[in-house]
Amino acid sequence: MSEDRARILNMLAEGKITAEEAEQLLDALETRTAPAAPAAGPAIKGDPGPLIAALPKYLYVKVISDNGDNVDVKVPLALVRSGLKLTSLIPPQAMDQLNDSMSEHGMSIDFNNLKPEDIDELIEALREMEINVNAANGDNVRVYCA
Amino acid sequence: MKLWPWLLDLTFGSPERERPVHLWLPLFLVWPLMVLVALLAFVVTLPVDAVLLLVGRPYHHYTALVYRTFALFSELRGMVVRVKDDETKTLIDMTVY
């Protein structure tokens, strides 16, 4: 089973999309993967609005601790996407300085390698991400998209 | 490009204050200033990009950089930041509309 197909079936199982929407997505996937298939129109028939609405839109970061510290952050994924796309427009000289500064602070991320197509893939992967940390002292950290 | 944020709902409390302060900041009042700044920036970046393109320099995207920066600001809508400390009675609550 391909990764995309598994993702669609997962979304169906989690109730994020209806069976009809899943069928449309699977059809679209088959159309996309079919060899030399002629482009005879849009891959998804009908109104794509409900499908888009079913996709996660926000990145949530929640921290709840036993001593009463609570942090709740909700970041639009569109902001993450735009921010990452902005990095591809930073002038090369500034980008080199940025990379040097990042590596000095222990973060060896080369933003020159971040291509627009990778950004879309990264955001897609982010949608599937979920982090749950339950510390022994009662602190609870949760990062997820919804 | 989407509409820029038009309202900032800000609540903050500290141990010194008995009740938290709640503010609604009308960000739409800053829009004309931002449009002005954007126009001034484009006046500079467009000729610079044109010259860089004509000279054959590989990087000539300053206009796109400025445009994307302003577009990034519009994506702030819907962002929520809440920090609450029951022990010290500190509260920061920020929602961008």
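Would you work out the charge dipole size for the protein assembly as shown about its Cα centre, treating the Cβ of every Lys and Arg as +1 and the Cβ of every Asp and Glu as -1, and quote it to the nearest 20 debye?
Taking the Cα centre of the protein assembly as shown as origin, the dipole is about 760 debye.
Below 30 Å, Cα to Cα, which lysines can A:Lys85 reach? Residues fewer than 8 away in the same chain don't count.
List returned: A:Lys16, A:Lys45, A:Lys57, A:Lys62, A:Lys74, A:Lys115, B:Lys2.
By the scheme Lys and Arg +1, Asp and Glu -1, what is the net charge of all other residues having a beta-carbon under 11 Å from that of B:Ser74?
+2
Round to the nearest 10 and give me the degree value, 0 to 90, for the angle of helix B:62-74's Cα axis relative to the longest principal axis of chain B.
20 degrees
Could you give the size of the charge dipole of chain B about its Cα centre, using +1 on the Cβ of each K and R and -1 on the Cβ of each D and E, expressed in debye and rounded to the nearest 20?
320 debye
Along the positive direction of the dipole of the protein assembly as shown (beta-carbon charges: Lys, Arg +1; Asp, Glu -1; about the Cα centre), which of B:Val81, B:Leu65, B:Gly13 reaches farthest?
So the residue we want is B:Leu65.
Compute the length gained on full extension between A:Asp66 and A:Gln97: take 0.36 nm times their separation in residues and subtract their Cα-Cα distance, giving the result in nm to one decimal.
Extra length available between A:Asp66 and A:Gln97 comes to 7.1 nm.
No lab work stands behind these numbers, since they all come straight from the coordinates. All figures in this text were calculated on a predicted structure; none of them were measured in a lab. Cβ sites come from the backbone with ideal geometry, for glycine too, and all protein chains shown count toward neighbours.
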